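Only one structure is covered here, and it is reproduced in the block below.
What follows draws every value from the coordinates through simple rules; no lab data is involved. From a predicted model like this one, the values you see are computed outputs, not experimental measurements. FYI the Cβ positions are ideal-geometry reconstructions off the backbone, even for glycines, and counts take in every protein chain you see.
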Amino acid sequence: MSQSITSAQNEDKFILSINDQQHTYTNDKAGKRQAILDGLNAIETFTSGTEVYLPSNVALQLVAAVLFPDGIRTEDAYQTVCQVTEKACAFIGYGEEIELGPPTVPFAARGAYRKRFPPVKSELILLELAQARISTTYPRREIAGTILWNKAGLAVYGRHWSQLSPSQQAQIQVQVDAIVIQAAWQKVESESACLYVQPLPVDEAKARTRLLELLRRENGGPIAHASLVYQVQLGAYGRGFFTNELAPALQKMVTATLAANGYKPTLDNGEYWPRPLTLDLPELDTLVSQFNALQPVMTEMGKGLLLSDLISALMDDGSSLSEWQEEQLLQTGPVSQALRRLGYETSLTWCQPYQFQPKRTGSDAQRVILKEVRVKNDLNRKIILAKGLAVFTPSLTIDDGEDTLVYLEMVGAKESVKANWAALVGGNRVHWLGRQRIQMEGMKQHVKIQATLPCGWVSQILLHKQASLKEMNPEQPFYLLDDGSQPIPPQFYAMLNKCLPLPLLPEWTDYLWGNGRGQQLITLLHAGEGQGYAAWRVLPAAEAWQTVIQQGLADLALRF
């Protein structure tokens, strides 16, 4: 069985000649692959009974002529020829190499052959692919490779995949791979398994609709990456998956949609953030004047400004902001500074119509910027620390962090005040004033101020030493009493000046107050609530205050 195989090539073409029949291919990987398959199919086979055999050495010679037209010169090149021959023969249905001799073949034709087996039927594989399940992890249909290989092994060899020889397994796998790829599926291999997968079709229009609905619900606020991916998947595939990755086409759509709606297209700590709000705002002093001119409203929680009024004052051109942008506007920059200078919070509180004073009609709640200090002046408020003897408490201020009294005034009959006073300061005792726990150590931390009223009653005041300019220890945190009538407690400058070994000027008060609060050197106690007074706690941290002053001087916000 003599067969002639030669090859020739130039930069563009590869020519294969088998038994003087020439075939021309492109001189690239795809062209040489096709040349090998055509050449193997053109090799004259040997038939014995019902079996067909391919001469193995001729197949090797063909592959060598295609891959190495100038000859094999290294061991690695020879091994490459053997491996490619094995795979190519398996692809067209020939098994592993076997030795044949008489009487199967004539003595002169003895040698190495490959037996042809029935090819794997594409209908068998396509039927299994059609029944493949949808993954719970990725948006794709998938099926284990062993399922298809078992089906093919039973059909071709009558045995399961695990019972086949390595060469038979290779033959099955190569043919199954070809059928699967032709059907627009992909092969995904890992250390533990091999899967055939097909991405699910993408409904980009529904995915975009879902994303836009999510943006509308978030109303301009940050969007968690996981929430965005889930909503986009619901639109694109009709269901969600555990993966947090999107197909390239969907990710491209998400990036464009986010950018078109004012979001940064890159993740920041697991979220997509709106682009920074840019407004042409007036100077801080002008903002203070504008906000001060707004008509406050009264609520059950105290005085405040309607957010809608404040936004209208800022956006005089009639444009609007998202809810998230409005919140950011209040919490950062000059708007925040102006609100704090006027004694307002920089957060928002929803107020129902019945919470306004007087009550409002309708059912729509409104967002209100409340005063930070919201003291009550309940002239009928009483406490009972001595059994059966009540006294009035026109003023009561508590440090809820330290569980101690900052300021307490008792008014009543002399015996009642005396009894309650003794119960309060006598020994190391714990008391509950409403829901607030306080613990007293006698009069170690407090001073007493007493007066007799014209009506004959007695007024006794318990004042924490750190709330008194005269009694305070400059090295310890001090308290500022605040009745809410002024944006900055009157004693702030004097008490800060006493405890800091730094040169301070009275005209720095606004700057020091605002930046001290920004650096958490000044904190509001008990959420700004109190009877008669609220209280602030100030840290006498010299180094931190020095940094605040140095920055103010560098920015020219402070001057000597």
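Starting from the Cα of Lys13, draw a straight line to each of the aspartates and glutamates and keep only those under 15 Å, dropping any in the same chain fewer than 8 residues away. The qualifying aspartates and glutamates are Asp28. Among 123-134, 214-225, 396-407, the peptide with the highest mean count of other Cβ atoms within 10 Å heads the list, and the full ranking is 396-407, 214-225, 123-134.
Sort out for me the Cα centre separation of segment 165-220 from segment 106-135, rounded to whole Å. Computed from Cα coordinates, the inter-centre distance equals 24 Å. Each of Ser167, Ala423, Gln325 was scored by the projection of its Cα onto the charge dipole of the chain, and the greatest displacement toward the positive side belongs to Ala423; charges sit on the C-beta of Lys, Arg, Asp and Glu. Helices in the chain, meaning DSSP H runs of at least 4 residues, each add -39500 (n - 2.57). Divided by all residues, the mean residue ellipticity at 222 nm is -11000 deg cm²/dmol. Average 1/r across all pairs of distinct alpha carbons in the chain, invert it, and you get the Kirkwood radius: 32.8 Å.
Span-like helix criteria (full DSSP H runs; alpha carbon extent of at least 15 Å along the helix axis; mean Kyte-Doolittle hydropathy of at least 1.0) are satisfied in the chain by 56-67. Between the alpha-carbon centres of segment 397-440 and segment 10-30 there is a gap of 103 Å.
Shape class for segment 322-403: oblate, because the ratio a/c of the largest to smallest gyration tensor axis (alpha-carbon atoms, square roots of eigenvalues) is 1.5 or more and b/c is at least a/b. Are any of the pairs Lys29/Lys121; Lys29/Lys115; Lys87/Lys151; Lys414/Lys465; Lys206/Lys252 more than 18 Å apart by Cα-Cα distance, and if so, which? Pairs exceeding 18 Å: Lys29/Lys121; Lys29/Lys115; Lys87/Lys151; Lys414/Lys465. Put simply, the amide H of Leu433, placed in the peptide plane, has neighbours under 5 Å in Ile438, leaving out anything fewer than 5 places away on its chain.
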